[in-house]
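One structure is given below, encoded as structure tokens.
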Amino acid sequence: MCGIIGYIGPDPCAQILVQGLQKLEYRGYDSAGIAIVDGGQLQTRRARGKLMNLIETLARDPIDGTVGIGHTRWATHGGPTEHNAHPHSVGSVAVVHNGIIENYLPIKRELIAAGHTFKSETDTEVIAHLVWQNRQRGIGLEQAVMEAVRRLEGAYSVVVVDAEEPDTLIAARLASPLVLGLGEGRNFVASDIPAILSHTRRMVFLDDGTLATVRRDGVVVRRISDAVEVPVEERTIAWSPSLAEKGGYKHFMLKEIHEQPDAVANTLRGRVSLERLAVDLPELQMSAEEFAALSQVYVVACGTSWHAGMVGRYLMEDLAGISPHVELASELRYRRAPMDERTLIIAVSQSGETADTLAALKDAKARGVRVLSICNVIEASIPRASDGTLYTHAGPEISVASTKAFSTQVAALHLLALHFGRLAGRLDDDTMRAELSGLVRAAASMERMLQHDEPYLQAARAWHEARSMLFLGRGALYPLALEGALKLKEISYIHAEGYAAGEMKHGPIALIDETVPTVVLAPRDAHHDKVRSNLQEVKARGGPIIVIHTEGDEETAAMGGIAIPIPDVPERILPLVCALPMQLIAYHMADFKGTDVDQPRNLAKSVTVE
Ligand code: F6R
């Protein structure tokens with residue numbers, strides 16, 4: 001949800017900023033812009049639409065200079081026009097911002113009354129005016145920004161540059177992500193790690209409510225509330241820069257789909273012991289006694305992560321005898337669900353920055369609830385607000401449509417269910433051995449599945465012009481049907497619905513005709529016969545079928561016009577392997593249609609606004 005970057009160092013920085021924005025473009029692509037101090041003057045270039053337009057503008061009209069800021073926008077306040085594009089500048093000051101300033105209107109009215117003229121409809125522009133107003137009172141840049149952001153309510157990460165104090169960048173955050181990258185004689189600021197990973201692995205994750213003064217030779221971080229300096233805690237990131245490149249794949253999404261066997265193996269690495277028949281999760285910081293004292297568990301998430309949470313419910317019911325409430329964060333945070341110190345809430349989030357999930361978690365924490373998270377991005381806001389975090393270690397996910405985040409979240413939830421099951425004394429050694437070896441072998445099954453794309457190409461060729469599609473699954477594959485429909489909608493723009501297969505006859509079956517294909521998840525599992533009956537009901541009404549079936553189950557394969565085989569894996573591993581056909585159907589449909597697979601319209605990867 002908007003990406004921001006800043007650089008200060010010895011090098012001409014236009015290219016550095018643009019390269020960073022390329023890595024951040026998944027966060028928004030309504031417009032892009034940079035501002036650089038060039039020969040003592042602030043130079044700004046902005047362009048509506050994708051970053052490519054800014055690159056063309058810069059080719060026609062380049063800027064020099066070694067300190068600057070950049071932004072890629074997902075529009076909230078004001079349309080996706082050039083005049084609403086960041087950076088917003090007033091006088092010698094320029095600002096980039098990610099977040100929403102909730103009290104911008106009264107501030108704007110006050111500034112207009114004081115004679116300020118606004119050039120955009122954005123909430124961000126008030127920040128530039130406030131800083132400039134303070135600067136005109138003769139206040140240094142650090143203090144000017146500090147005083148300005150103290151007036152803001154809502155969420156922000158901002159970076160400010162001022163041509164009149166050209167050896168400093170000021171960065172500040174409240175409830176929106178911001179990371180500093182430390183180099184030799186050069187320093188960076190960015191919304192997330194991949195934007196600066198090719199320059200440094202030394203990162204500082206800013207806390208909420210802090211402001212950093214970034215110079216070529218170092219950074220100083222202060223609390224915004226009282227300006228007291230706080231220690232700078234440096235972390236070295238293990239991700240390699242190549243993980244944030246396409247590596248020969250046509251799209252990041254396809255690359256990330258293919259990374260899933262490794263990503264799942266990374267989630268399991270060091271946590272599974274087949275000798276001791278144990279799952280080791282010390283990062284949960286939770287004793288057997290604390291677990292035994294729990295009275296209820298909530299899983300809270302949004303979008304794809306919510307679907308993973310739904311799979312988690314089946315796993316926890318089966319393995320740990322716990323039936324968690326699986327909730328959409330945007331709903332839970334406004335409900336008055338009873339929670340107390342005996343409640344556990346598990347937040348699931350790839351980015352660790354999703355505003356609704358973070359708010360639901362903080363709200364629960366304020367009520368004394370114990371908070372765990374399952375997250376991919378290290379040191380993001382959600383893990384920082386949690387009592388314990390299970391990192392999925394999927395590596396950077398760049399494609400807006402989530403893929404390896406889902407499968408690694410499912411693997412992490414499986415580990416958690418096994419851990420809880422052991423703590424609850426419900427899992428005997430034989431069950432544990434079977435579960436663990438099933439999980440460990442899952443990566444190899446996924447690897448094998450990724451060697452064949454013919455059935456997906458066949459489905460895409462046949463149906464990429466469909467206006468609507470249905471996805472059916474039962475049991476733990478019901479969330480997979482939801483996920484398949486979500487993936488298709490978001491990247492191919494084909495309307496799609498995911499349903500519990502048994503629910504079809506309660507209404508949705510009325511949608512079926514020969515133009516509406518239905519994807520049926522029908523591998524051999526406890527629901528196999530029932531799902532096959534549901535499939536026949538669709539078929540009897542003329543609906544075309546794409547069937548996902550167990551290898552060798554020719555009878556089920558023959559029920560579909562298009563049949564997609566999956567390996568014969570243990571039942572509780574099915575959600576992991578079934579994720580691949582859901583993703584690949586959507587991917588190839590979108591690719592056939594020629595949509596912008598990695599950056600679908602209207603979406604942004606990290607939803608840091610409500
Ligand atoms: C769908 C997708 C979104 C995210 C959702 C939550 O492909 O990517 O639905 O799953 O925005 O994001 P995280 O997991 O970062 O909290």
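Some observations on this one:
- For the chain, a simple Cβ point-charge model (Lys and Arg +1, Asp and Glu -1, everything else neutral) yields a dipole of about 660 debye relative to the Cα centre.
- Cβ-derived FRET efficiency at R0 35 Å, V440 paired with A462, nearest 0.05: 0.45
- Charge context of T124, other residues only, Cβ under 12 angstrom, K/R +1, D/E -1: 0
- Per-residue [θ]222 nm for the chain (sum of -39500 (n - 2.57) over DSSP H runs n ≥ 4, rounded to 500): -11000 deg cm²/dmol
- Ordering of 532-538, 373-379, 230-236, 399-405 by packing [mean C-beta count within 10 Å, highest first]: 399-405, 373-379, 532-538, 230-236
- Cα-based helix-to-principal-axis angle, 14-24 vs the chain, degrees rounded to 10: 30
- In degrees, nearest ten, helix 478-492 long axis to first principal axis of the chain (Cα): 50
- Integer Hz, Karplus 6.51/-1.76/1.60 couplings in order for region 589-595, x for Gly and Pro: 4, 5, 5, 4, 6, x, 6
- Under a 5 Å amide H cut-off, with hydrogens placed 1.01 Å from N, V519 pairs with L470, F471, L472, I546 among residues at least 5 apart or on other chains.
- For the chain, alpha-carbon Rg over 2.2 N^0.38 Å: 1.00
- Relative to the longest principal axis of the Cα atoms of the chain, helix 125-136 runs at roughly 30 degrees.
- Positive contributions from Lys and Arg (+1) and negative ones from Asp and Glu (-1), summed over other residues with Cβ under 15 Å from the Cβ of I257, come out at -4.
- With neighbour counts taken as other beta-carbon atoms within 10 Å, the residues E165, E514 rank, fewest first, as E514, E165.
- For region 201-217, putting each phi into the Karplus relation 6.51 cos²θ - 1.76 cosθ + 1.60 with θ = phi - 60° gives couplings of 10, 8, 10, 10, 8, 6, 6, 4, x, 10, 10, 10, 9, 10, 10, 4, 9 Hz, in residue order, rounded to whole numbers and with x for Gly and Pro.
- Per-residue packing, averaged as other Cβ atoms within 10 Å, sorts the ranges 279-289, 259-269 into the order 259-269, 279-289, beginning with the highest.
- Counting every other Cβ atom within 10 Å of each residue's Cβ, K365, K119 order from fewest to most as K119, K365.
- Order of H307, H325 under a 10 Å beta carbon neighbour criterion, fewest first: H325, H307
FYI, it's all coordinate maths here, none of it is from the lab. The structure presented is a predicted model; accordingly, all values stated were derived computationally and were not measured. Cβ atoms come from the backbone with ideal geometry, glycine included; neighbour counts cover every protein chain shown.
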